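Worksheet: the structure to be examined is printed underneath.
The values are calculated or read from the model by the stated rules, or taken from the named source; none is laboratory data. On a predicted model such as this, the values are computed, not experimentally measured, just so you know. When we count neighbours, we look across all protein chains shown, and the Cβ atoms used for this are built from the backbone with ideal geometry, even at glycine. For the accessible areas, the whole protein counts, side chains as well, though only heavy atoms, and no ligand, DNA or RNA atoms are used. Shrake-Rupley method; radii C 1.70, N 1.55, O 1.52, S 1.80 Å.
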Amino acid sequence: MDRLETLKSELLSAIDGAADMAALEAARVGALGKKGRLTELMKGLGELAGEARKAQGQALNQLRAAIEGALAAKKAALESAALDAKLAAERIDVTLPPRPLAQGRIHPLSQCMEEVAAIFGEMGFTVVEGPDIESDWHNFTALNIPPDHPARQMHDTFYLAQQGEAHLHQGALVGESPERAVRLLRTHTSPVQVRTMLSQKPPIRILVPGRTFRKDSDMTHTPMFHQFEGLVIDEATHMGHLKGCLIDFCRAYFEVDDVPVRFRPSHFPFTEPSAEVDIGCSRKGGELKIGAGDDWLEILGCGMVHPNVLEMCGVDSTKYQGFAFGMGAERISMLKYGIPDLRTFFDADIRWLRHYGFVPLDVPSLVGGLGQ
Ligand code: DAH
């Protein structure tokens with residue numbers, strides 16, 4: 001019996017000392033495996049007889065039960081320790097900001113697009129988009145810019161070569177019907193006004209963000225840039241609505257409640273009357289500040305939609321009227337965020353993005369705040 005007690009304490013301490021599942025399995029095999037120490041003793045039972053065999057059998061069975069119990073208990077303990085370790089290793093503090101936020105930034109232009117859409121969205125405008133490759137008819141003719149109109153020259157248009165034609169003869173097919181008209185990279189977002197009026201009935205209230213293209217490159221021009229177009233058409237809209245809407249926009253966007261806004265008479269072929277909008281600013285000490293001051297900055301063009309445009313887009317100009325506006329997205333971003341050079345927008349310089357970019361989860365809204 002003493003030998004069994006010794007064996008028992010040895011087996012139990014092997015089980016108890018197992019540091020992991022593999023060690024526990026080794027202890028189990030050492031005790032209960034085919035050649036385990038307890039198994040060997042069991043095999044020896046056959047050589048005993050009578051009472052001795054019975055007594056030894058009982059003792060071995062008790063030992064076996066004790067070993068099995070210890071194995072099961074140790075297994076459970078190891079499993080729960082493994083789970084605890086895993087949980088500790090995978091611990092997440094959900095109140096910390098996600099790590100990529102420390103690096104990634106939203107480009108100021110994307111931020112600007114979101115901010116402008118949030119403001120006009122609040123006023124009931126729907127965001128609509130149109131194609132970058134346009135027909136000459138949508139980009140010019142339907143906007144009351146006929147083929148010989150000087151505005152066409154001002155737009156520095158990128159024309160696409162016609163199919164089967166290596167070089168485009170300037171002027172060929174210009175002014176033709178939408179299907180036959182020459183293709184070009186749209187020079188402004190205004191053709192989306194045309195597309196919208198042709199495809200939906202008034203009342204219309206849309207905001208069109210998008211890419212635009214002109215053959216121009218210097219400090220203040222890049223061949224690709226972005227605009228926002230606005231269009232409102234219904235039976236009763238007038239110049240007062242245009243002014244109210246754009247003044248509200250300027251205040252919300254620049255986040256200056258009393259920013260002075262000035263409407264200056266201007267000319268665009270697609271609006272009559274037309275105006276350009278300036279906001280007040282000061283340049284004291286070489287620093288540009290939006291708000292009251294003795295200087296003005298032009299930020300957008302606008303006007304009442306020309307009856308010729310309404311008619312060309314199938315809208316009855318005796319029944320409907322409305323206003324439109326267009327502005328440069330880079331320009332209003334530069335003014336708001338104090339970015340001095342337009343070309344840096346498209347340099348893809350990570351240091352620039354880190355400096356001027358926005359934290360991704362700061363989604364602009366009028367209630368939550370627009371910029372930083
Ligand atoms: N399309 C004009 C441009 O690119 C901007 C513009 C001016 C758009 C007046 C309008 C508008 O809708 O009414 O210069």
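Peptide packing: for 323-331, 285-293, the average count of neighbouring Cβ atoms within 10 Å per residue gives the ranking 323-331, 285-293, highest mean first. Remark: region 349-354, residue by residue, has Karplus-estimated 3J(HN,Hα) of 8, 5, 5, 5, 5, 5 Hz, where x stands for each Gly or Pro and the curve is 6.51 cos²θ - 1.76 cosθ + 1.60 at θ = phi - 60°.
When each of the peptides 26-35, 108-117 is scored by the mean number of other C-beta atoms lying within 10 Å of its residues, the order from highest to lowest reads 108-117, 26-35.
Find the relative contact order for the chain and round it to a whole percent, using C-alpha pairs within less than 8 Å whose residues are 6+ positions apart. Kindly include the intermediate steps, with their values, before the conclusion.
Working: 582 pairs, mean separation 60.9, N = 372.
Answer for the chain is 16 percent.
As a calculated quantity, the FRET efficiency between Asp347 and Ala85 at R0 = 30 Å, using C-beta atoms, amounts to about 0.05. Working note: 222 nm ellipticity from helices only, DSSP H runs with n ≥ 4, each -39,500 (n - 2.57), summed and divided by the residues of the chain, gives -12000 deg cm²/dmol to the nearest 500. Counting only protein heavy atoms and a probe of 1.4 Å, the accessible surface of region 287-336 is 46% carbon and sulfur.
I'd like the carbon and sulfur percentage of the solvent accessible area for region 208-252, probe radius 1.4 Å, heavy atoms only, ligands and nucleic acids excluded. If you can, show how the numbers build up before the last one.
Details: 1050 of 1930 Å².
Carbon-and-sulfur percentage of accessible area, whole number: 54.
Shape annotation for the chain: C-alpha extents along the principal axes are 123, 58, 42 Å, from largest to smallest.
Annotation: the antiparallel percentage among DSSP beta bridges lying fully within the chain is about 95.
Computed extension gain for Ala65 through Arg283, at 0.36 nm per residue and net of the alpha carbon distance, reaches 69.4 nm.
By per-residue mean of other Cβ atoms within 10 Å, what is the highest-first order of 133-144, 80-91, 7-18? Provide the component values of the computation, followed by the final result.
Numbers: 133-144: 23.5, 80-91: 9.3, 7-18: 16.8.
The packing order, highest mean first, is 133-144, 7-18, 80-91.
Per-residue Karplus couplings for region 152-159, computed as 6.51 cos²θ - 1.76 cosθ + 1.60 with θ equal to phi - 60°, are listed in order as 4, 5, 5, 8, 6, 6, 8, 8 Hz, Gly and Pro entered as x. Based on protein heavy atoms only, the chain ends up with 55 Å² per residue of surface accessible to a 1.4 Å probe. A cut-off under 15 angstrom between Cβ atoms defines the neighbours of Thr271, and their net charge, with Lys, Arg +1 and Asp, Glu -1, is -2.
Probe radius 1.4 Å, ligands and nucleic acids ignored: give me the carbon and sulfur share of the accessible area of region 2-89 as a rounded percent.
Details: 3240 of 5720 Å².
Percent of accessible area from carbon and sulfur atoms in region 2-89: 57.
Determine the alpha carbon to alpha carbon distance for each of Lys289/Lys336; Lys35/Lys74; Lys8/Lys35 and list only those over 18 Å.
On the way: Lys289/Lys336 9 Å; Lys35/Lys74 22 Å; Lys8/Lys35 16 Å.
The answer is Lys35/Lys74.
Between Ser9 and Asp93, the C-beta separation translates, for a Förster distance of 56 Å, into a calculated FRET efficiency of about 0.75.
Which number comes out as Rg/Rh for region 2-89 once both Rg and the Kirkwood Rh are worked out on C-alpha atoms? Could you put the intermediate results ahead of the total?
Numbers: Rg = 15.5 Å, Rh = 14.0 Å.
My calculation of the ratio gives 1.11.
Short-range pairs are left out: with C-alpha atoms under 8 Å and at least six residues apart, the relative contact order of region 2-89 is 32 percent.
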